[in-house]
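Note sheet for the following structure.
The values are calculated or read from the model by the stated rules, or taken from the named source; none is laboratory data. Note that the structure is a prediction, hence the values are computed from the model and not measured. Methodologically, a virtual Cβ is constructed for each residue, glycine included, from the backbone with ideal geometry; neighbour enumeration extends over all protein chains shown.
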Amino acid sequence: MGKKILLEHINVPGIETFDVYRKQGGYTAVEKAIKTMTPDEVVEEVKKSGVRGRGGAGFPMGMKWSFLAKPEGVPRYLVCNADESEPGTFKDHYLMKHIPHLLIEGMIVSSFALGANKSFIYVRGELMYVIYILERAIEEAKAKGFLGKNILGSGYDLELIVQPGGGAYICGEETALLESLEGKRGNPRNKPPFPAVKGLYQSPTVVNNVESIATTPWIINNGGDAYAAVGISRSTGTKLISASGHIKKPGVYEIELGVPVEEFIYSDEWCGGIRDGHYLKAVVAGGSSVPILPANLILKLANNEPRLMTYESLSDGGFQTGTMLGSGGFIVFDETACIVRNTWNFSRFYHHESCGQCSPCREGTGWMEKVLHRIEHGHGHMHDIDLLVDVARKIEGNTICPLGDAAAWPVASAIRHFREEFEWHVTHPQEATQPGAVYKGEMALV
Amino acid sequence: MTETQNTVEFTPERLAKAKEIIARYPEGKQKSALLPLLHVAQEQWGWLSPEVMDYVARMLDIQPIEVYEVATFYTMFHMDPVGKHVIEYCRTGPCCLMGGEEVYAYLKQKLGIDAGETTADGLFTLKEVECLAACGMGPVFQIREKYYTHLTNERVDEIINELSK
Ligand SMILES: NC(=O)C1=CN([C@@H]2O[C@H](COP(=O)(O)OP(=O)(O)OC[C@H]3O[C@@H](n4cnc5c(N)ncnc54)[C@H](O)[C@@H]3O)[C@@H](O)[C@H]2O)C=CC1
Ligand SMILES: Cc1cc2nc3c(=O)[nH]c(=O)nc-3n(C[C@H](O)[C@H](O)[C@H](O)COP(=O)(O)O)c2cc1C
Ligand code: SF4
Ligand code: FES
């Protein structure tokens, strides 16, 4: 069994209640931090841990905290990003549903470190039942004196507010989230200024992912150095992976960063291998936004060494042969999956979710969806394939927020690695449009 | 658009909840209550009519347009009347890998409607949505707060028959 930092107690019956969570050692980090540490000491431990943002960008959490501006007389905010809407990602949903107090405890420790007295958990509105679970947990913690006024007699006050979203992927982007939290449309803001300087209500704000915040109780209890000892080099600690697609055991797994990708897919401890009678074709390793890789490239690096589940190893080779860890949405495709259809599906998603502020994203996502639809439905031309590459390139890097890149990369990478499959759709429209039809050429088989 | 008359009102419980929500934001930042209030409103009326949106605007002391532009941005809010049960079906990639498209075709055939339509008896409205953060349990749809996971044609039969009673 690998190291467990977040999910160690997930199977304890009743762990969603305060009492059981407390019996398993819960809320000791709040006691330790508030009674024996200064806020700066808490920040210092988080810095030492090396933990990187689990929402996808991987920015070091302690560094972000130390960038928080602290002008006199201006409130500071902590906002937890529980929007979780990246296709293939469902880990935060799982964590909040099963062990809500871990997030609440993390919010208290983190808010204390940042000097925030009002903190928010922004949860995608579809997860209303999870919002009720969190609100119940907050009530329990408040009744026990861990939240509210004068926590544990320390003089520190904290109020936690759970805010529902309204169904918009873009509100996972931190500045769109802040706009939404202010009661507006979710249009991303220009960065800089980063939220750490101008965030919620124009005040200094830290936005962190659910899983990032949930690491803080362990870090405070065990020390930042102990956390940094888990994992490999700059990929410290553990990571929740949401595994879906054609595997035997879809689900959420906590892995120590550094597990070989091959072991993650085939070991019974994790995915349990590809479903019977089928074999691996491709993987999207970090949520729909990251480049798709064919089987040979996801399992091995260019030098033939095994690829590992770390930020560095997954991105090894750049976009030519690599991908990204992203949010850890690990989507597995066996040989029955049609890459063209999946690419069209994802591009429809990005077109649907573009907020429409920048023309390369608004127009480009619509264009890509249309062209992919045409190819998938047997009306494509050979030059459409290069047109897609061209449109993707023109979106990339030319937009306010990275949704544009997120829309471009899946298309560009699918064509890079599975070009023959697109060509086959163009040259064999009749065969390709049969239900369940998949290109069986050499390349797809790797 | 001219503002509508005050023809709608929250139930006493929802009014109390709304006031509690409004009070939790910092002074002067009450507009933050907009999305939560729209959810409460939709829970009561099923959809957001102009009257309802104007009511929420008055409650927050903001312009009606500020409510309309927000309500139309977010896909969870219904701008037209809906059936008793709104089925929000996930159409995104990971669910499709698990047979989501086949089950969806079956569901549409069973209900005899397409996305965006309501059955003649007013029982079901079908909506296509994007990833619901439950991809490991796909195919998935949601009705109000409840997730229905691991869908198959048989599961669809069970669920629809149960809800049709
Ligand atoms: N979890 C999910 O559902 C999804 C996750 N993503 C991920 O989101 C990522 C992009 O997110 P962004 O927030 O745009 O990335 P980013 O790199 O701009 O920022 C990452 C974090 O570091 C902070 N930061 C960076 N530089 C800073 C500085 N100089 N001072 C203060 N703070 C600083 C930002 O405020 C942010 O909180 C993608 O890599 C993708 O993997 C994308 C879609 C969905
Ligand atoms: C289009 C888009 C959607 C995003 N969705 C999410 C999300 O659902 N959850 C999340 O934690 N971060 C999401 N992010 C990343 C956030 O902008 C931000 O980097 C993150 O919340 C910071 O927290 P972390 O440093 O703890 O990861 C998204 C980014 C983009 C560009
Ligand atoms: S890149 Fe797309 S989603 Fe992001 S701000 Fe521009 S239009 Fe909106
Ligand atoms: S793809 Fe359907 S829930 Fe994620």
- Query: Within the group A:GLU363, A:GLU353, which residue is within 16 Å of ligand 3 (Cβ to nearest atom), closer than 21 Å to A:LEU388 by Cα and out of contact with any Asp or Glu (no Cβ under 9 Å at 6 or more places or on another chain)?
  - Reply: A:GLU363
- Task: State yes or no: is A:LEU95 more than 16 Å from ligand 3 (Cβ to nearest atom), in a helix (DSSP H, G or I) and within 13 Å of another protein chain (Cβ to nearest Cβ)?
- Result: yes
- Message: I want to confirm something. Restricting to segment B:22-36 and keeping residues that are facing chain A (nearest Cβ under 9 Å) and assigned to a helix (DSSP H, G or I), which single residue is nearest to A:VAL162 (Cα to Cα)?
- Response: B:PRO36
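If I ask for residues that are at pLDDT 95 or above and surrounded by fewer than 23 Cβ atoms within 10 Å (Cβ to Cβ), which ones from segment A:72-84 would you list?
Scanning segment A:72-84 gives A:VAL74, A:PRO75, A:ARG76.
Being outside any helix (DSSP H, G or I), without any contact (Cβ under 8 Å) to a residue 60 or more places away in the chain, away from every other protein chain (no Cβ under 14 Å) and more than 21 Å from the chain's Cα centre (by Cα) is true for just one of A:GLY356, A:GLY366, A:GLY397, A:GLY380. Which residue is that? Don't jump to the end; show me each part of the working.
Values: A:GLY356 fails: away from every other protein chain (no Cβ under 14 Å); A:GLY366 fails: outside any helix (DSSP H, G or I); A:GLY397 fails: more than 21 Å from the chain's Cα centre (by Cα).
It is A:GLY380.
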- Task: Answer yes if at least one residue in segment A:105-116 is touching a strand residue (DSSP E or B) at 6+ places or on another chain (Cβ under 6 Å), among the aliphatic types (A, V, I, L, M) and within 10 Å of ligand 2 (Cβ to nearest atom), and no otherwise.
- Result: no
- Quickly run through segment A:1-23 and pick out the residues that are assigned to a loop (DSSP other than H, G, I, E, B), modelled with pLDDT of 95 or more and surrounded by 13 or more Cβ atoms within 10 Å (Cβ to Cβ). A:LYS4, A:ILE5, A:LEU6, A:LEU7, A:GLU8, A:HIS9, A:ILE10, A:VAL12, A:ILE15, A:GLU16, A:THR17
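For segment A:349-368, which positions are touching a His at 6+ places or on another chain (Cβ under 8 Å) and either away from ligand 1 (no atom under 16 Å from the Cβ) or of a type in the set (Gly, Ala, Ser) (or both)? Break it down into steps so the answer makes sense when it comes.
Filtering segment A:349-368 for residues touching a His at 6+ places or on another chain (Cβ under 8 Å) gives A:365-366, A:368.
Result: A:GLY366, A:MET368.
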- Item | Pick from segment A:370-400, criterion surrounded by fewer than 22 Cβ atoms within 10 Å (Cβ to Cβ) and within 9 Å of ligand 3 (Cβ to nearest atom), ranking: modelled with the lowest pLDDT | A:ASN398
- Task: Test each condition in (1) closer than 22 Å to A:PRO402 by Cα; (2) within 9 Å of ligand 1 (Cβ to nearest atom) for A:PHE90 and report the one that comes out false.
- Result: (2)
- Message: When the residues of segment A:24-44 are narrowed to those that are closer than 13 Å to A:LEU114 by Cα and outside any loop (DSSP other than H, G, I, E, B), which ends up nearest to the chain's Cα centre (by Cα)?
- Response: A:VAL43
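Okay, residues lined up against (1) within 14 Å of chain B (Cβ to nearest Cβ); (2) assigned to a loop (DSSP other than H, G, I, E, B); (3) farther than 20 Å from B:TYR89 by Cα; (4) among the aromatic types (Phe, Trp, Tyr):
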site: A:MET128; (1), (2), (3), (4): yes, no, no, no
site: A:LYS142; (1), (2), (3), (4): yes, no, yes, no
site: A:PHE146; (1), (2), (3), (4): no, yes, yes, yes
site: A:LEU152; (1), (2), (3), (4): no, no, yes, no
site: A:GLY166; (1), (2), (3), (4): yes, yes, no, no
- Which helices (runs of 4 or more DSSP H) sit wholly inside segment A:211-306 and have at least 3 residues that are farther than 30 Å from B:VAL140 by Cα? A:216-222, A:224-228
- Among (1) away from ligand 1 (no atom under 15 Å from the Cβ); (2) touching a residue at least 24 places away in the same chain (Cβ under 8 Å); (3) outside any strand (DSSP E or B); (4) at the interface with chain B (Cβ under 10 Å from one of its Cβ atoms) - the single one A:ILE161 does not satisfy: (3)
- Give the residue that is nearest to ligand 1 (Cβ to nearest atom), with candidates limited to residues of segment B:93-147 that are over 21 Å from A:PHE349 (Cα atoms) and polar (S, T, N, Q). B:THR125
- Note on the structure: Only one of A:LEU152, A:LEU127 is buried (at least 24 other Cβ atoms within 10 Å of the Cβ), touching a residue at least 40 places away in the same chain (Cβ under 8 Å), farther than 22 Å from A:LYS4 by Cβ and more than 16 Å from ligand 3 (Cβ to nearest atom), namely A:LEU127
- Just need a number here: residues in segment A:284-296 that are surrounded by 23 or more Cβ atoms within 10 Å (Cβ to Cβ) and either aliphatic (A, V, I, L, M) or touching a Lys or Arg at 6+ places or on another chain (Cβ under 6 Å) (or both). 5
- Taking segment A:98-116 on its own, how many of its residues are under 20 Å from B:LYS29 (Cβ atoms) and either part of a loop (DSSP other than H, G, I, E, B) or within 20 Å of the chain's Cα centre (by Cα) (or both)? 3
- Message: Looking only at segment A:56-92, filter to residues that are more than 16 Å from ligand 3 (Cβ to nearest atom), of a type in the set (Gly, Ala, Ser) and more than 13 Å from every other protein chain (Cβ to nearest Cβ); which one of those is farthest from A:TYR21 (Cα to Cα)?
- Response: A:GLY73
